[in-house]
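Down below is the structure, laid out as structure tokens.
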Amino acid sequence: MIKRRNSKQIAIGDVKIGADAPISVQTMCNTDTRDIASTVAQIKEFENAGVDIVRLAVLNSDAAAAIRDIIKQVRVPLVADIHFDYRLAIQCIENGIHALRINPGNIGKREHTEKVVNLAKINNVPIRIGINAGSLEKELKQRDDLTLAEKMGESAMRHIQILEDLDY
């Protein structure tokens with residue numbers, strides 16, 4: 001058996017992650033989150049298949065507003081995948097989301113990330129930092145001295161530092 005690394009345990013809704021918690025399964029809806037009926041139907045299919053956590057794309061304010069109704073109809077905790085606008089993360093927290101996935105390269109200014117983190121702290125909402133090649137900060141994209149993997153690692157570490165600076 002492979003020994004797991006020691007990590008801090010967090011909770012996304014009722015699902016524990018890290019430390020000695022069992023490995024959880026997360027998937028993502030491919031529905032338009034604004035379409036509450038089809039999103040709920042897909043989440044229920046995931047629940048029946050044994051999925052523990054479901055991530056939803058939140059591309060605009062209407063999708064963030066739909067979170068409130070979707071949560072009421074499903075059993076698994078939901079993660080809002082925030083795109084481009086920190087205010088969507090704030091709206092999702094206000095609507096009861098269980099966790100956030102943010103890409104700080106898309107969120108913009110540090111002060112925007114700080115606003116999200118401060119509200120997440122108050123509401124005990126975990127944040128997953130997600131980095132991908134398409135959302136690197138402009139300054140990192142333009143650097144020729146780093147590989148893509150190094151740029152992504154640098155971006156992740158910068159944003160982890162912001163969260164640590166905020167005691168999150």
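The values are calculated or read from the model by the stated rules, or taken from the named source; none is laboratory data. Being a predicted model, the structure only gives us computed values, none of them experimental. Cβ coordinates were reconstructed from backbone atoms using ideal geometry, including for glycine residues, and neighbour counts include every protein chain displayed. All accessible areas refer to the heavy atoms of the entire protein, side chains included, with ligands and DNA or RNA removed. Shrake-Rupley method; radii C 1.70, N 1.55, O 1.52, S 1.80 Å.
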In degrees, nearest ten, helix 36-49 long axis to first principal axis of the chain (Cα): 90 degrees
Angle between the chain longest axis and helix 61-73 axis [Cα atoms, degrees, rounded to 10]: 40 degrees
Between the range 99-161 and the range 30-93, the Cα center-to-center distance that results, in Å: 21 Å
Accessible surface of the range 26-168 [probe 1.4 Å, protein heavy atoms]: carbon and sulfur percent: 48 percent
Of (1) 26, 20, 16; (2) 28, 21, 15; (3) 31, 18, 11, the label for semi-axes √(5λ) of the Cα gyration tensor in Å derived from the coordinates: (1)
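Would you mind getting the accessible area per residue of the chain, heavy atoms of the protein chains only, 1.4 Å probe, in Å²?
57 Å²
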0 to 90° range, to nearest 10: angle between helix 148-165 axis and the chain longest Cα axis: 80 degrees
Computed helical MRE - 222 nm, the chain, DSSP H runs ≥ 4 contributing -39500 (n - 2.57), nearest 500: -13500 deg cm²/dmol
Label-point separation, Ser61 to Ile23 (7 Å along Cα→Cβ), nm: 4.2 nm
